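Worksheet for the structure shown next.
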Amino acid sequence: MKGLRIIVTVKQVPDTADVKIDPKTNSLMREGIPSILNPEDKNAVEAALCLKQQHGGTIIAITMGPPQAEEVLGEVLAMGADQGVLLTDRAFAGSDTLITAFTLSRAIMKLGKYDLILCGRQAIDGDTAQVGPQLAGFLELPQVTYAEHISIEKGNAVVRRGLEDSTEWVRVKLPTLVTVTAAVNAPRYPMLYNVEAACDGSRIIIWGAQELKVPETMLGLNASPTGVKKIFEPERKKKGQIITGDPKDMTGILIDKLQELNML
Amino acid sequence: MDFKLTKQQKLTRNIARDFARHELEPFAQEWDEKMEFPREAIAKMRSLGFMGICIPQEYGGCGLDTVCYVLTIEELAKACASTAIIVGVHNSMGAYPIYLLGTDAQKKKYLSGLAAGKKLGAFALTEPNAGSDPVSMETTAEQQGKSYILNGTKTFITNGGTSDIVIVMAYTDRSKRGKGITAFIVEKKFKGFTAGPKENKLGIRASDTCELIFENCPVPATNVLGPFGGGLNAALEALNLGRVGVAAQALGVARRAMEACVTYSRERKQFGRPIADFQAIQWAIADMATEIEAARGLIFKAATLKDQGASFATEGAMAKLYASEVAMRTATKAVQIHGGYGCMKDYAVERCFRDAKVIEIYEGTSEIQRLIIARDVMR
Ligand SMILES: Cc1cc2nc3c(=O)[nH]c(=O)nc-3n(C[C@H](O)[C@H](O)[C@H](O)COP(=O)(O)OP(=O)(O)OC[C@H]3O[C@@H](n4cnc5c(N)ncnc54)[C@H](O)[C@@H]3O)c2cc1C
């Protein structure tokens, strides 16, 4: 094999886990909040870089968003990716997860052959974890979600999946799509050495609806079947209680508590 | 006029900000307290390109502009002012003079190592009896065959103990006074060159500041940096850039102090409401924000002039003077807003207060900046 061709999907998101919600419009209030590369997408980029280190190859990062989303491609290039693709067009605005995945799939088809698509499990601004799996659907690829470890062996991806109460090992033939969680690695920092090359424009392709040859009726808000009915802040769970003291006292308190709650 | 950062500048700032937040901020207080050189963080920064920000890529640097440089120093300083000066002195006073004045051979031998972060740089002008007035220095360099023999003592040298390469100013002809000083590239491993113990300082405590002692230290004649007798000019040239960096360091400290006030004044309640509700506090913060913005303007102006190849010495002195005094005023007010808590080491404003004082002194005191500015204005 002549090295891997890896595509990584990335998204620019607001830099905070607790964005405020506008009670009038039911939408997220993003003004004044700095944007960052979605954390688990950063893990996906790191996973791609590690695989490239082992097997050689090229890494192409792809994002869909407003023109300023180019910033996250700059960051990913400075981490060591080879190329960035920005999908930006007014016609893309308002896409739900399905149409986002559809649009990404068309761009990826246009990019040609690949061995592996890596996605972050979910974006911190929507938490849906849908785009990765939907993208695999449009591309008719096998998918492995919640990856905590990935290796490539003889044309297969071997993936450890972190499930709620267990781990699962999966072997799957390339090409495939894998979504990763934060547990997969600790992402490296982008390098200042790479800033000049990342920003000179030579490594970023910009495509709109025309380049993708998709009719506008299949794009953006109008094509999106999902409507947001209501957005709300989840009620904060009660804080846990931390028992302190010497082990004997702590055990006593713990047993009393559990009995109080009829759990013993 | 366009106040927008370029793509490069924005990306650089984001990289520095992200790094500083995770790798400096959590440890800065402990480093300060223990006078601990941030060895691990610097090691990481060496491999990421922080040690050759403006040096062209052909010499192993990043090839970024001066605005990128000041943005980086500002972000580092906001988290840890000591780290900012370690990086700042290395870039502007260690690597930059060699880039500016070095021969091809010197650039190959020294600049590439510095820019790639393999070697740490320092700059030695100050002596026990020569601070603001470098012409009164006593260090000498006497020619002996193909070498110069250095004798003398430099004092308060940043990166003194940790550096590998030091730019040293010494008299080659005392009778010529300012025109008899020559700059030398001196390797730490040269015979007769030792560093004294780390000074125990008021602020900027994590950077190691040392005395450097030269006792019959032979330096090859090929290590003369720039024109013979042009050492003072070389030093002033390096200081021009250094000062813009120090101004950015001051800006980072001021921003840190102000942001601490915004958070603290919302949380701290007295007389039944957050102290942020009192106009006295709001006005103090408004003044901080205004002065910080003005300082930023001066710094960007000086850095932009440099990038355009224009002279920026006066603007650099203005930026250093103003930003360091803004840092001091902001930090003083910030301690006040924090009350008794502001005097405690657990609060970052306590460190900002001590760091700001030092920033008003090194790379030319406020008085010396005023002297430079007045000389230009009243010419
Ligand atoms: C933490 C730290 C790091 C440093 N790092 C370095 C380094 O890496 N390399 C290096 O070479 N030096 C370094 N220095 C030295 C620093 O640059 C000097 O301390 C500074 O230039 C002042 O010199 P001085 O301490 O001798 O004070 P002096 O020059 O003795 O000044 C004493 C006072 O007199 C005032 N004064 C002097 N002359 C005049 C005048 N003509 N008009 C009005 N007022 C005047 C000064 O402003 C000051 O207030 C460092 C200093 C510190 C504290």
Condition broken by B:Gly160, with the remaining ones in (1) more than 12 Å from the ligand (Cβ to nearest atom); (2) not in a strand (DSSP E or B) satisfied: (1)
Subset of the stretch B:108-140 [within 16 Å of the ligand (Cβ to nearest atom) and aliphatic (A, V, I, L, M)]: B:Leu114, B:Leu120, B:Ala122, B:Ala124, B:Leu125, B:Ala130, B:Val135, B:Met137
Single condition B:Ala105 does not satisfy, out of (1) more than 16 Å from the ligand (Cβ to nearest atom); (2) open to solvent by less than 30 Å² (accessible area, probe 1.4 Å); (3) away from every other protein chain (no Cβ under 14 Å): (2)
Checking B:Tyr69 against (1) crowded, with 19+ Cβ neighbours inside 10 Å; (2) part of a helix (DSSP H, G or I); (3) touching a strand residue (DSSP E or B) at 6+ places or on another chain (Cβ under 9 Å), the condition it does not meet: (3)
Residue satisfying condition, being assigned to a helix (DSSP H, G or I) and surrounded by fewer than 16 Cβ atoms within 10 Å (Cβ to Cβ), within set B:Thr314, B:Thr330, B:Thr304, B:Thr290: B:Thr290
Test: residue in the stretch B:262-279 that is open to solvent by less than 60 Å² (accessible area, probe 1.4 Å) and touching a Phe, Trp or Tyr at 6+ places or on another chain (Cβ under 7 Å): no
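Only one of A:Glu216, A:Glu235, A:Glu211 is in contact with a helix residue (DSSP H, G or I) (Cβ under 6 Å, 6 or more places away or on another chain) and either surrounded by 15 or more Cβ atoms within 10 Å (Cβ to Cβ) or farther than 30 Å from B:Ala43 by Cα (or both). Can you tell me which?
The match here is A:Glu216.
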Matching option when the condition is within 18 Å of the chain's Cα centre (by Cα), modelled with pLDDT of 95 or more, more than 12 Å from chain A (Cβ to nearest Cβ) and surrounded by fewer than 22 Cβ atoms within 10 Å (Cβ to Cβ), among B:Phe37, B:Phe27: B:Phe37
The stretch B:175-219, residues that are within 12 Å of the ligand (Cβ to nearest atom) and not in a strand (DSSP E or B): B:Lys198, B:Glu199, B:Asn200, B:Lys201, B:Leu202, B:Gly203, B:Ile204, B:Arg205, B:Ala206, B:Ser207, B:Asp208
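For the stretch B:91-102, check the following and say yes or no: at least one residue is within 14 Å of another protein chain (Cβ to nearest Cβ), modelled with pLDDT of 95 or more, open to solvent by less than 40 Å² (accessible area, probe 1.4 Å) and more than 13 Å from the ligand (Cβ to nearest atom).
Here is the first cut: in the stretch B:91-102, the residues within 14 Å of another protein chain (Cβ to nearest Cβ) are B:91, B:95.
Among the residues that remain, those that are also modelled with pLDDT of 95 or more are: B:91, B:95.
In the following step, the residues that additionally are open to solvent by less than 40 Å² (accessible area, probe 1.4 Å) were identified as B:91, B:95.
When the remaining residues are screened for being more than 13 Å from the ligand (Cβ to nearest atom), the result is B:95.
Looking through the stretch B:91-102, at least one residue is within 14 Å of another protein chain (Cβ to nearest Cβ), modelled with pLDDT of 95 or more, open to solvent by less than 40 Å² (accessible area, probe 1.4 Å) and more than 13 Å from the ligand (Cβ to nearest atom).
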Pair list, Cβ < 6 Å and 6+ apart or interchain, from the stretch B:200-216 residues that are more than 22 Å from B:Glu40 (Cβ to Cβ) to residues that are open to solvent by 10 Å² or more (accessible area, probe 1.4 Å) and aromatic (Phe, Trp, Tyr): B:Phe214/B:Phe193
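The values are calculated or read from the model by the stated rules, or taken from the named source; none is laboratory data. Every value quoted in this text rests on a predicted model; they were computed, and no experiment measured them. Cβ atoms come from the backbone with ideal geometry, glycine included; neighbour counts cover every protein chain shown. Heads up: the accessible areas ignore ligands, DNA and RNA and are worked out on the full protein's heavy atoms, side chains in. Shrake-Rupley method; radii C 1.70, N 1.55, O 1.52, S 1.80 Å.
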